[in-house]
Amino acid sequence: MIQTKTILLAVAFSLAGTAAAYAHASFEQDTVASESNFKAILQIPHGCDGKATNEVQVKLPEGFVFAKPQPKAGWEIEIIKGDYQKSYDNHGKTVTSGPLEIRWKGGELSDDYYDTFVITGKISGFEKETQLAFPVTQLCGASDKVVWDQIVTAGQSAHSLEHPAPTITVTPAEADGHDHHDMAAMAGMSGMGDAPVKAGSLEISGGSIKAMLPGAKVGGGGFTVKNEGSEDDVLLSAESPAAGRVELHEMTMQNDVMKMRKLEDGIAVPAGQTVELRSGGLHLMFMDVTRPFAEGDTVPVTLTFEKAGKVELVLPVGNAAGKMSHN
């Protein structure tokens, strides 16, 4: 009986610690090497005193450069740009300005759930271990908000702050120029297989799906389709037993605001042309996923084309930290 009580107490303390860890906005990964790519996965654990979150604003610190936000179904994205405090090298090109703040707007995240908001970029310019803070603001309705902007001072514990800003610890760059997160991302990406899938005049290749976070219900993926015939075709729909539904989406930038829309009329595949479905443009959205896609999984998908008819694919799931293989 005493042993049972001890186990129950241990479980209770463990759960309490888990709850505390997710009580404030934080990053899923909190350590990254300088001069490496970083996928900042921001976790939003709750709303504003029970109210749903409708907007998430993230201020980007100096040294997190070339930022690109990941679109979310049902949310618009606003990218606020400006000058960096210093210049950065981007594959031989000197860059002095870029995104300084990312805003996801117009969504509806109930206080009953948590969700993640993702920004990819590069950590650059750090020669010693540094703590980088990303102040975050949640807006709920017309007037309520929660601001996560408190910065830890020397000798202070983050647990003593009521609204600490999400932070990452930047370590000096490794000698080979890559950290283990970069290598894991590159190793995690895979294509659809060696041989492309043929359907009439269409050739489909390079397909993949991004791994999803635990508890996530929406995933993204795509492929490349080449029309070698003399007639136009149209991708009318897609379906998968692994999702409640699969939608055809397009993401575009309009006045620095990223917008995603469902394509009710399908995706045109003109004769003699190649169409890519990938992050940042045309893509598949897997909605109401029954079990989050994990790296190494495969997902069966049925595509329906206007002329080529139904095509069966099996798409591999790559690493959540990397881009899709056909990007």
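Data table
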{"quantity": "The lone exception for Pro292 - which of (1) surrounded by fewer than 15 Cβ atoms within 10 Å (Cβ to Cβ); (2) within 19 Å of the chain's Cα centre (by Cα) it fails", "calculated": "(1)"}
{"quantity": "Candidate set: segment 22-81, residues that are more than 14 Å from the chain's Cα centre (by Cα) and basic (Lys, Arg); chosen: the one surrounded by the fewest Cβ atoms within 10 Å (Cβ to Cβ)", "calculated": "Lys81"}
{"quantity": "One residue from Leu248, Leu235 being closer than 18 Å to Pro300 by Cα, outside the structural domain of Ile77 (by TED's automatic domain parsing) and in contact with a Phe, Trp or Tyr (Cβ under 8 Å, 6 or more places away or on another chain)", "calculated": "Leu235"}
{"quantity": "Count of segment 42-66 residues which are modelled with pLDDT of 95 or more and in contact with a Pro (Cβ under 7 Å, 6 or more places away or on another chain)", "calculated": "2"}
{"quantity": "All positions within segment 300-319 that are over 27 Å from Pro270 (Cβ atoms) and surrounded by 19 or more Cβ atoms within 10 Å (Cβ to Cβ)", "calculated": "Pro316, Val317, Gly318, Asn319"}
{"quantity": "Lys39 being of a type outside the set (Ser, Thr, Tyr), under 25 Å from Glu129 (Cβ atoms) and outside the structural domain of Leu263 (by TED's automatic domain parsing)", "calculated": "yes"}
{"quantity": "Those residues of segment 56-71 which are closer than 28 Å to Leu282 by Cα and not in a strand (DSSP E or B), in sequence order", "calculated": "Leu60, Gln70, Pro71"}
{"quantity": "Single residue of segment 127-156 satisfying the filter (more than 25 Å from the chain's Cα centre (by Cα) and touching a residue at least 60 places away in the same chain (Cβ under 8 Å)) that is nearest to Val32 (Cα to Cα)", "calculated": "Glu127"}
{"quantity": "Qualifying residue in segment 266-278 (condition: under 30 Å from Gly82 (Cβ atoms) and either among the polar types (S, T, N, Q) or at pLDDT below 90 (or both))", "calculated": "yes"}
{"quantity": "Residue in segment 157-164 that is more than 21 Å from Ile77 (Cβ to Cβ), in contact (Cβ under 8 Å) with a residue 60 or more places away in the chain, in contact with a helix residue (DSSP H, G or I) (Cβ under 7 Å, 6 or more places away or on another chain) and surrounded by 15 or more Cβ atoms within 10 Å (Cβ to Cβ) present", "calculated": "yes"}
{"quantity": "Spans of strands (runs of 3 or more DSSP E) in segment 72-145 with at least 2 residues touching an Asp or Glu at 6+ places or on another chain (Cβ under 8 Å) and not assigned by TED's automatic domain parsing to the domain that holds Ser279", "calculated": "76-90, 93-109, 115-123, 136-140"}
{"quantity": "Residue count for segment 204-247, restricted to those that are in a loop (DSSP other than H, G, I, E, B) and under 22 Å from the mean Cα position of the chain (by Cα)", "calculated": "11"}
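The values are calculated or read from the model by the stated rules, or taken from the named source; none is laboratory data. Being a predicted model, the structure only gives us computed values, none of them experimental. Positions of Cβ are generated from backbone atoms using ideal geometry, with glycine treated the same way; all protein chains shown enter the neighbour counts.
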